[in-house]
Amino acid sequence: MQVSIVSPEERVWQGEADLVVARSPEGEFGIMRGHIPFLAALVPGRVRVVSGSDSEEFFVPGGFLEASGPQDDYHVIVLADDADNVADLDAAEARERLDEARRRNEKEQDERTQAQLQIELARVEIAESRGQ
C-alpha cells in the first residue's frame with residue numbers, strides 16, 4: 001500500500017509499506033492493505049511504517065491518519081503538524097524543549113501550553129527510549 005507522511009511544509013516520507021502503526025486517543029492501532037476505510041485523530045507519539053523487514057518510526061505531535069481506497073490502490077496518509085524521524089531525535093535537545101515548555105506553562109497556564117507541554121514530554125520519552 002502507498003503511505004505518505006506529510007506536514008504543512010513538506011512530504012516527510014512516502015513509499016510502499018505493509019503496515020502502519022499509530023496511536024489515537026482510543027489506543028494503538030495498525031493498518032494493513034485492505035483495512036476498512038479509516039480516519040483517526042492522532043495523539044503525540046510514534047508512527048511506525050513497516051515495509052518487509054524494514055521499519056521506520058516518526059514522532060508526530062498529533063494530526064490525523066486516513067486510510068482508504070480499493071485493494072489495488074489502497075493508501076494511508078498521515079497529516080501532522082510536524083513529523084520527525086525518531087532516529088533524528090536528540091534527547092538533550094528534546095529535554096531543552098521540554099524545559100522551555102514547562103517555563104511557558106508556568107507563566108500562561110492555558111490549554112494550548114498544556115498541550116505543548118504534553119507534546120514535548122512525549123518527544124523526550126521517545127528520544128530517550130530510542131535504542132532500547
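The values are calculated or read from the model by the stated rules, or taken from the named source; none is laboratory data. This is a predicted model, so every value here is computed, not measured. Ideal geometry is used to build each Cβ from the backbone, glycine not excepted, and the neighbour counts take in all protein chains shown.
Numbers for the structure displayed
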| read-out | value |
| --- | --- |
| Qualifying residue in region 100-109 (condition: polar (S, T, N, Q), surrounded by 15 or more Cβ atoms within 10 Å (Cβ to Cβ) and over 13 Å from residue 47 (Cβ atoms)) | yes |
| Looking only at region 81-91, and only at residues there that are of a type outside the set (Gly, Ala, Ser) and in a helix (DSSP H, G or I), the one that is nearest to residue 49 (Cα to Cα) | 86 |
| Per-region count, region 64-115, residues touching a helix residue (DSSP H, G or I) at 6+ places or on another chain (Cβ under 9 Å) and of a type in the set (Ser, Thr, Tyr) | 1 |
| Subset of region 15-55 [under 28 Å from residue 115 (Cα atoms) and of a type in the set (Val, Ile, Thr)] | 20, 21, 31, 43, 47, 49 |
| Pick from region 12-26, criterion within 15 Å of residue 65 (Cβ to Cβ), touching a strand residue (DSSP E or B) at 6+ places or on another chain (Cβ under 6 Å) and not small (Gly, Ala, Ser), ranking: surrounded by the most Cβ atoms within 10 Å (Cβ to Cβ) | 20 |
| Test for residue 57: is it closer than 18 Å to residue 128 by Cα and not in a loop (DSSP other than H, G, I, E, B) | yes |
| Subset of region 42-61 [surrounded by fewer than 17 Cβ atoms within 10 Å (Cβ to Cβ) and either small (Gly, Ala, Ser) or over 22 Å from residue 10 (Cβ atoms) (or both)] | 51, 52, 53, 55 |
| Filter result (closer than 16 Å to residue 32 by Cα and modelled with pLDDT of 95 or more) within region 58-73 | 65, 66, 67, 68 |
| Residue match in region 31-40 (condition: more than 15 Å from the chain's Cα centre (by Cα) and among the basic types (Lys, Arg)) | yes |
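Every residue, every condition in (1) outside any strand (DSSP E or B); (2) more than 26 Å from residue 120 (Cα to Cα); (3) not β-branched (Val, Ile, Thr), yes or no:
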{"position": "3", "(1), (2), (3)": "no, no, no"}
{"position": "41", "(1), (2), (3)": "no, no, yes"}
{"position": "48", "(1), (2), (3)": "no, no, yes"}
{"position": "72", "(1), (2), (3)": "yes, yes, yes"}
{"position": "79", "(1), (2), (3)": "no, no, yes"}
{"position": "97", "(1), (2), (3)": "yes, no, yes"}
{"position": "102", "(1), (2), (3)": "yes, no, yes"}
